[in-house]
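Have a look at the structure below, then the notes.
The values are calculated or read from the model by the stated rules, or taken from the named source; none is laboratory data. Every value quoted in this text rests on a predicted model; they were computed, and no experiment measured them. Cβ placement follows ideal geometry from the backbone for every residue including glycine, while neighbour counts extend to all protein chains displayed.
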Amino acid sequence: MRAIGIEHFGETPTLREVPVPEPGSGEVQVAIEAASTNPLDLAIASGALAALGEYRFPLTLGMDGAGIVTAIGDGVTEFRVGDRVFGQFWSSPLRFGTFAEVSVVQAVPAFGALARIPDELPSDVAAALPTAGMTAFGTLDVMRVPEGGTLVILGATGGVGAFAVQAAAARGIRVIATASAQVAEEVRKLGATEVAVRGAEPLDQALRRLAPEGVDAILDTVGDRSLTSSVAGAVRDGGALLSIAFGVDEKLLADERIRAADYRLDRKPERLAELTRLVTAGTIRPVIGARLSLEEAPRALAGEIRPTGMRGKTVLRVR
């Protein structure tokens, strides 16, 4: 079968032919119909997360995917052959990811989450949801912005940012989002109250203009520590500054005036269930910036293929 993988950490991911994996005890085999990319995939390939879990080589990459259960291992009661499933396929040890025609994942993933796909959701939509959507929901819970409060989202056009704008707006939160002038109107349609256009003026100055009394929280999806440091003063006393991209430096971590932290996704099954509920209700939707073939995945991971508008999620059509 075709798969995108590596033989060792630090290797450039390539398309290769590998044997079809078979499920062991407690595992399910899934014929992947669609997958989506995340920065997490490259972090794993580089070895940056080597200490976070167990890995087996050759390693097929890909965390997010959707497909049909084609076989189950001993002891599996959560799913049956023929079920449509999706989620974050992070087993321990990790060997078989979603950038492949067939994957094997624990029925209850050690570090991920797996669930049935509602009948009304196409596989490409389901594949775009898990990691970015769960992360957006998790950050909102941690920041605890009240209804009517103000949240700044740095980088609202990416996968997490696009979900966060919609989820925050659905909670009655005023959203100030950063985006380019070309996609500012699209970000407003997602639910942003205001858009601070990148390059139009310094962001700290824009926030003083848009929120002169301060904001309740800032969500950083960019990872530019100089940027987060420059705007931290806009957060009210007791507010939060959370980064999903390691954008909080030591000085901010030690700041007792606000709650500053780098966020690590938790409670994944619960967050996937909430995400599924809101997507099927039509409250939020994934923004899919590009739909590519499995063969194009290595170029997409290398940043050689970029959406022309909203970045959102990049989905790989496997079947």
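Looking across T139, T150, T98, one residue alone is under 30 Å from L241 (Cα atoms), polar (S, T, N, Q) and within 21 Å of the chain's Cα centre (by Cα). It is T139. Answer yes or no: is there a residue in the range 228-245 that is modelled with pLDDT of 95 or more, in contact with a Pro (Cβ under 7 Å, 6 or more places away or on another chain), at negative phi and not in a loop (DSSP other than H, G, I, E, B). Within the range 228-245 (the criterion being modelled with pLDDT of 95 or more, in contact with a Pro (Cβ under 7 Å, 6 or more places away or on another chain), at negative phi and not in a loop (DSSP other than H, G, I, E, B)), the answer is no, since none of the residues qualifies. Of all the listed residues (A206, A177, A169, A162), the sole one being in contact with a Gly (Cβ under 9 Å, 6 or more places away or on another chain) and surrounded by fewer than 24 Cβ atoms within 10 Å (Cβ to Cβ) is A169. Only one entry in A136, A164, A168 is in a helix (DSSP H, G or I), at pLDDT 95 or above and over 18 Å from R311 (Cβ atoms), namely A168. Contact map, the range 1-30: first residue touching a residue at least 40 places away in the same chain (Cβ under 8 Å), second residue surrounded by fewer than 16 Cβ atoms within 10 Å (Cβ to Cβ) and of a type in the set (F, W, Y), Cβ cut-off under 7 Å, separation 6 or more or different chains; pairs are E7/F57; H8/F57. Listed by position, the strands (runs of 3 or more DSSP E) enclosed by the range 1-94 that each have at least 2 residues that are in the same structural domain as R299 (by TED's automatic domain parsing) and closer than 24 Å to R267 by Cβ are 27-36, 64-72, 84-88.
Considering L241, L253, the condition of being in contact with a strand residue (DSSP E or B) (Cβ under 9 Å, 6 or more places away or on another chain), surrounded by fewer than 16 Cβ atoms within 10 Å (Cβ to Cβ) and assigned by TED's automatic domain parsing to the domain that holds Q166 is satisfied by L253 alone. State the number of residues belonging to the range 107-122 that are crowded, with 23+ Cβ neighbours inside 10 Å and either outside the structural domain of V28 (by TED's automatic domain parsing) or not hydrophobic (A, V, I, L, M, F, W, C) (or both). Number satisfying all stated conditions: 1.
Among the residues making up the range 250-309, those that are part of a strand (DSSP E or B) and over 22 Å from G223 (Cβ atoms) are I288, R291, L292, S293.
Selection of first residues in the range 68-81 that are within 19 Å of V20 (Cα to Cα) and modelled with pLDDT of 95 or more and of second residues that are buried (at least 17 other Cβ atoms within 10 Å of the Cβ) and aromatic (F, W, Y), restricted to Cβ pairs under 9 Å at least 6 apart or on distinct chains, gives the following pairs, ordered by first then second residue: V69/F79; I72/F79. Of everything in the range 63-77 that's closer than 19 Å to T314 by Cα and among the hydrophobic types (A, V, I, L, M, F, W, C), which residue is surrounded by the most Cβ atoms within 10 Å (Cβ to Cβ)? The selected residue is A66. Being among the aliphatic types (A, V, I, L, M), closer than 30 Å to G82 by Cβ and either more than 14 Å from the chain's Cα centre (by Cα) or at pLDDT below 95 (or both) is a condition met by no residue of the range 184-196. Residues of the range 216-227 that are in contact (Cβ under 8 Å) with a residue 12 or more places away in the chain, part of a helix (DSSP H, G or I) and of a type outside the set (K, R): L227 alone. Among the residues of the range 78-127, write down those that are touching a Gly at 6+ places or on another chain (Cβ under 9 Å) and over 25 Å from T314 (Cβ atoms). Within the range 78-127, S92, P93, Q106, A107, V108, A110 qualify.
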